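Written out below as structure tokens is the structure these notes cover.
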Amino acid sequence: MNATNASLGVAAASLGIAACYLYTRKASLFSRSDYGSERQQAEWAVRMATVQQSGSQRGASAQLVPLASRTHKSAFDLQIVSRLMVGKYANIWRGHVLLKDAVALHLYGMLMQRQMPKTIFDLGTAGGGSAVWFATQMKAMGLVECKVITVDIEDLRTPACRREMEQLGIEFLQADLRDASAMLSAIKDKAHPWLIAEDCHVDAHVIMAAFDPATTSGDYIIFEDTHPCHPDKSWMDAEDMDKYTYGAFANKKLAAVEAAMGALSARYSIDASIQDLYGHNGATFINGVFARL
């Protein structure tokens, strides 16, 4: 073998060794998870096990506190609330207008997993997206016996939404919540526990006159849109802060909610484990998650 051939042989061998190294290195790299080192993977495993076992502690079990003990302070400021409105007013579920923000949907999801309601009252049907969301979430959780009843004084649903509601077994109740006796007659025999999602902006005294006589221990009612930084009108959001006004609508609604529920404080308390999941009053509603004692 001449010098040239010997050099080529050495080069080929070197390339082979390099190729083998690169292949082995690549295989080693791609055999790891995205979490990095074995130590990091071990840390993640411990954390994930903790979350699964305890529900991350926050929201895993009810933490009932009197309404009178609560302040109006919130972990969410104007910047956060107005930005959440961007998503809320663009939110679509299965092709239907949803009109709930991401944080509210998460809080509902956490509560539904724990409470396992048998009846959900969706007050304020509008485009129907929220009722469809509740129904599909219940089915995804395996709670096939849960009945969703959506209530509005007007029927603003599209034909497609009506069809899907029929397929999902959602009941649409066209009614006036101010007629307490008629409402009570329509709902009193529905299976408990109840989850009442209030997004119709009818006075809280009126709503409780219709529902309170039929509630039982373990039922929940959530009053939405009471954060002082919530916009005064729909479709206001962080994309145009020059036109974003706030305080008038939400503060008036919050005062009504606290007056109505304060009068019923012997029967209802705030569930801080849901209300404060993101921090004290960390939601687009303030002191709005009530559990029937």
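List every residue pair whose Cβ atoms sit under 6 Å apart, with the two residues 6 or more apart in sequence or on different chains, where the first one lies in segment 260-276 and is in the same structural domain as GLY288 (by TED's automatic domain parsing) and within 23 Å of GLY109 (Cα to Cα) and the second, anywhere, is buried (at least 22 other Cβ atoms within 10 Å of the Cβ) and among the polar types (S, T, N, Q).
From segment 260-276, the pairs are ILE270/ASN287.
For segment 228-264, which positions are more than 22 Å from the chain's Cα centre (by Cα) and assigned to a strand (DSSP E or B)?
Once the filter is applied, which keeps residues that are more than 22 Å from the chain's Cα centre (by Cα) and assigned to a strand (DSSP E or B), segment 228-264 yields only TYR246.
In segment 83-138, how many are within 15 Å of LEU156 (Cβ to Cβ) and aliphatic (A, V, I, L, M)?
7
Do we find that VAL289 is within 17 Å of the chain's Cα centre (by Cα), surrounded by 14 or more Cβ atoms within 10 Å (Cβ to Cβ) and within 17 Å of HIS72 (Cβ to Cβ) in this structure?
Details: within 17 Å of the chain's Cα centre (by Cα): yes; surrounded by 14 or more Cβ atoms within 10 Å (Cβ to Cβ): yes; within 17 Å of HIS72 (Cβ to Cβ): yes.
Yes; evaluated as a whole, the condition is true for this residue.
From the list ASP101, ASP34, which one is at pLDDT 75 or above and of a type in the set (Asp, Glu)?
ASP101
Of the residues that make up segment 142-160, is at least one in contact with a strand residue (DSSP E or B) (Cβ under 6 Å, 6 or more places away or on another chain), under 20 Å from GLY95 (Cβ atoms), in the same structural domain as GLY95 (by TED's automatic domain parsing) and touching a residue at least 60 places away in the same chain (Cβ under 8 Å)?
No, because not a single residue in segment 142-160 is in contact with a strand residue (DSSP E or B) (Cβ under 6 Å, 6 or more places away or on another chain), under 20 Å from GLY95 (Cβ atoms), in the same structural domain as GLY95 (by TED's automatic domain parsing) and touching a residue at least 60 places away in the same chain (Cβ under 8 Å).
So which of GLU164, GLU198 ends up being closer than 28 Å to ALA75 by Cβ and either over 21 Å from the mean Cα position of the chain (by Cα) or buried (at least 16 other Cβ atoms within 10 Å of the Cβ) (or both)?
Exactly one of GLU164, GLU198 is closer than 28 Å to ALA75 by Cβ and either over 21 Å from the mean Cα position of the chain (by Cα) or buried (at least 16 other Cβ atoms within 10 Å of the Cβ) (or both), namely GLU198.
Residue-by-condition table, conditions (1) touching a Ser or Thr at 6+ places or on another chain (Cβ under 7 Å); (2) modelled with pLDDT of 95 or more; (3) surrounded by 15 or more Cβ atoms within 10 Å (Cβ to Cβ); (4) charged (D, E, K, R):
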position: ARG39; (1), (2), (3), (4): no, no, no, yes
position: ALA42; (1), (2), (3), (4): no, no, no, no
position: VAL51; (1), (2), (3), (4): no, no, no, no
position: SER61; (1), (2), (3), (4): yes, no, no, no
position: PRO66; (1), (2), (3), (4): yes, yes, no, no
position: ALA75; (1), (2), (3), (4): no, yes, no, no
position: GLY87; (1), (2), (3), (4): no, yes, yes, no
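Suppose we keep only residues that are outside any strand (DSSP E or B) and polar (S, T, N, Q) within segment 265-293. Which one would you say is nearest to MET208 (Cα to Cα)?
Step by step, filter segment 265-293, then rank; the result is SER265.
Mind checking which residues of segment 203-227 are part of a loop (DSSP other than H, G, I, E, B) and buried (at least 18 other Cβ atoms within 10 Å of the Cβ)?
THR215, ASP219, GLU224, ASP225, THR226, HIS227, listed by residue number.
Show me the helices (runs of 4 or more DSSP H) found entirely inside segment 94-176 where at least 1 residues are β-branched (Val, Ile, Thr).
102-115, 129-140
Only one residue in ALA191, ALA210, ALA255, ALA291 is without any contact (Cβ under 8 Å) to a residue 12 or more places away in the chain and farther than 16 Å from LEU105 by Cα. Which one?
Details: ALA191 fails: without any contact (Cβ under 8 Å) to a residue 12 or more places away in the chain; ALA210 fails: without any contact (Cβ under 8 Å) to a residue 12 or more places away in the chain; ALA291 fails: without any contact (Cβ under 8 Å) to a residue 12 or more places away in the chain.
ALA255 is the lone residue from the list that is without any contact (Cβ under 8 Å) to a residue 12 or more places away in the chain and farther than 16 Å from LEU105 by Cα.
The values are calculated or read from the model by the stated rules, or taken from the named source; none is laboratory data. What you are looking at is a predicted structure, and each value in this text was computed from that prediction instead of being measured. FYI the Cβ positions are ideal-geometry reconstructions off the backbone, even for glycines, and counts take in every protein chain you see.
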